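Working notes, structure below.
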Amino acid sequence: MCKVLRVSRSCYYRWLNIEKQEDVELNNLIKNIFETSNSIYGTRRIKQQLVKDYGLIVSRRRIGKN
């Protein structure tokens, strides 16, 4: 895969680790919003809160997976 993308292995694995770290942070934000809403909010409201509070644009499908 690195040959196709023309990147070094170290850059590829560094990118993977950054993606994992961002997913963990997003999961924490989603859980925090859900818990502060007394477990009432669904994906639509969570999405609205992410945009309103953090300026993050995330699909409802990605929110639902978390």
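Quote to one decimal, in nm, the extra length available between ILE40 and GLU22 on full extension: 0.36 nm per residue of separation minus the C-alpha distance between them. Spell out each step's value before the answer.
Numbers: separation 18, 0.36 × 18 = 6.48 nm, distance 2.47 nm.
Stretched out fully, the ILE40 to GLU22 stretch lengthens by 4.0 nm.
Dimensions of the chain along the principal axes, based on C-alpha atoms and rounded to the nearest Å, stand at 47, 20, 16, largest first. As a test of the formula, what do you get for the chain when each DSSP H run with n ≥ 4 contributes -39,500 (n - 2.57) and the sum is divided by the residue count, at 222 nm and rounded to the nearest 500 deg cm²/dmol? Here the helix-only value at 222 nm equals -21000 deg cm²/dmol. Under 20 Å of direct C-alpha separation, and excluding same-chain neighbours fewer than eight residues apart, LYS52 reaches these lysines: LYS31. In loop segments of the chain as defined by DSSP, the trypsin sites (Lys or Arg not before Pro) with at most 13 further C-beta atoms inside 10 Å of their C-beta are ARG6. Rounding to the nearest 10 and keeping the result within 0 to 90°, find how far the Cα-based axis of helix 9-36 lies from the longest principal axis of the chain. On a 0 to 90 degree scale, this one is about 0.
Bear in mind these aren't lab numbers, they're just calculated from the coordinates by the rules spelled out. Owing to the predicted nature of the structure, the values given are computational and were not obtained by experimental measurement. Here the Cβ is made from the backbone with ideal geometry for all residues, glycine too, and neighbour counts use every protein chain on show.
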